[in-house]
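The structure appears below as structure tokens.
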Amino acid sequence: AEEVARKIWLAGLGAYGKGFEEIQSQYEKLNNETSHLFEDLVSKGEKLEADTKKKLKANGSVGKRVEDVRKTLGFDTSDIDAKIDKLSKKVDALTAAVNKIS
């Protein structure tokens, strides 16, 4: 009976040891996969960041060109008050000319 009890005890220890080894193996595998996934995500993030910077730079130069075209066509808003005053004077001059003619 003592020998059977000892073998049951040893079987329990063996099961514990086997379970511990299995868990440790799974942990190491998961840890390696997690590290690989993390590095993969960092790499993809770096690529997306570089692509985004290129696109923003391109959009900035496009924006500058659009701004230049708007200025050339007189659609810029930087001196709108001066333009309104100039147009008002022209309208006043035209109104005075029309009044003289009529």
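Checking the stretch 55-70 against the condition returns a match, with at least one residue being surrounded by 10 or more Cβ atoms within 10 Å (Cβ to Cβ), polar (S, T, N, Q) and either touching a strand residue (DSSP E or B) at 6+ places or on another chain (Cβ under 6 Å) or at pLDDT below 75 (or both).
Test Lys90 against the stated conditions and say whether it is open to solvent by 90 Å² or more (accessible area, probe 1.4 Å) and of a type in the set (Lys, Arg). So Lys90 passes the test.
The values are calculated or read from the model by the stated rules, or taken from the named source; none is laboratory data. Computed from a prediction, not measured in an experiment: that's the story for all the values here. We place every Cβ from the backbone using ideal geometry, glycine too, and count neighbours over all the protein chains shown. With ligands, DNA and RNA removed, areas are computed over all heavy atoms of the protein, side chains included. Shrake-Rupley method; radii C 1.70, N 1.55, O 1.52, S 1.80 Å.
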